[in-house]
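In what follows, a single structure is set out as structure tokens and then discussed.
Quick note: the coordinates plus some simple rules give every number you see, no bench work behind them. Given the structure is predicted, the values throughout are model-derived calculations rather than measurements. All Cβ positions, glycine included, derive from the backbone under ideal geometry; neighbour counts span all protein chains shown.
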Amino acid sequence: AVDIFNTCLRDNVKAREQDSEGNYHRVERKPGEAPLNSQIFFYEQAYSAAEEAAKNEEESLRRRRAEESAARREAELALAPNYVHPIAPAKSAEEPRITHRVKIRRVKR
């Protein structure tokens, strides 16, 4: 928080100072001092932090997917020799027969 206040106090582009009569005047830049607009400074800082966070999230997601894929492959290999595919049950001759069909109508409201 102190860094934020220090940056605002170093602003020499849009900053104003109040004189003893209550009037505001622009802050004069010292000779050789680089211009600093605190709003632009904070915007650029937030934008670069957001880009970095998005990049880190992307890398984390890619790493997590690779780990999950490797774990899945390892599990498949461990089960492969012992796994028996299930056989569908044979159809019985006495399956129920459809005797009538019901037509469903939608009622408009």
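A few comments on the model shown:
- When only the Cβ of Lys, Arg, Asp and Glu is charged (+1, +1, -1, -1), the dipole of region 2-79 relative to its Cα centre reaches about 160 debye.
- 5 angstrom amide H check on Leu36, placed H, neighbours 5+ away: Asn12, Val13
- Karplus-derived HN-Hα couplings along region 24-30 (A = 6.51, B = -1.76, C = 1.60, θ = phi - 60°), whole Hz, x at Gly and Pro: 9, 9, 5, 6, 7, 7, 6
- Calculated FRET value between Ala71 and Ala46, using beta carbons and R₀ = 41 Å, to 0.05: 0.65
- Prolate is the label for region 2-79. Its Cα gyration tensor axes, ordered a ≥ b ≥ c, give a/c of at least 1.5 and a/b above b/c.
- Distance between the pseudo-spin-label points of Leu61 and Arg10 (7 Å out from Cα toward the beta carbon): 3.5 nm.
- Of Ile4, Phe41, Ser20, farthest towards positive along the dipole that unit charges on Lys, Arg, Asp, Glu beta carbons give region 2-79: Phe41
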